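S.K.: Below you'll find the structure I mean.
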Amino acid sequence: YGTVVAGALDVGIILPFLARQDDQVRLYSSVFDEAVGFRTSELRPAPQGWLSYAQGAVLALKDLTGMEFIKGIDALVLGGGMGTGLSSSAAVGIAYLMSLAAANELDLSDHEIIQLGAFIEQRYLGL
């Protein structure tokens, strides 16, 4: 079966955010030193890069709730170890989901969060 190496990693994602009253999502990534934004009412096919997870989170919430209008957020994406093969993309998708859900006063169960995370990676991004 192979060798197993146990270890702890000091890697995580912190996503402080402010809820907005409009549909604007503004994000800054400390890892990529880049600011991006979009409107939740004007989503396009899955873009490349880290922005795609935030857009996928909006589409997942719209799919689950049937809501046409999703309020946006201003957020700072800290950490994450993006591209390391440690499921950081799934983690950032969940962080966006939870932030957007809170901004829109949605109470999601753990099961719904898992389903929505799968929606982002499988249905929106096609991974």
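The values are calculated or read from the model by the stated rules, or taken from the named source; none is laboratory data. Note that the structure is a prediction, hence the values are computed from the model and not measured. Every residue, glycine among them, receives a Cβ derived from its backbone with ideal geometry; neighbour counts consider all protein chains shown. For the accessible areas, the whole protein counts, side chains as well, though only heavy atoms, and no ligand, DNA or RNA atoms are used. Shrake-Rupley method; radii C 1.70, N 1.55, O 1.52, S 1.80 Å.
S.K.: Assuming residue 35 fulfils every condition listed in (1) in a loop (DSSP other than H, G, I, E, B); (2) modelled with pLDDT of 80 or more apart from one, which condition is it?
M.R.: (1)
S.K.: Restricting attention to the stretch 44-66, does a residue exist that is open to solvent by less than 70 Å² (accessible area, probe 1.4 Å), part of a loop (DSSP other than H, G, I, E, B), modelled with pLDDT under 95 and under 16 Å from residue 102 (Cβ atoms)?
M.R.: No, that holds for no residue.
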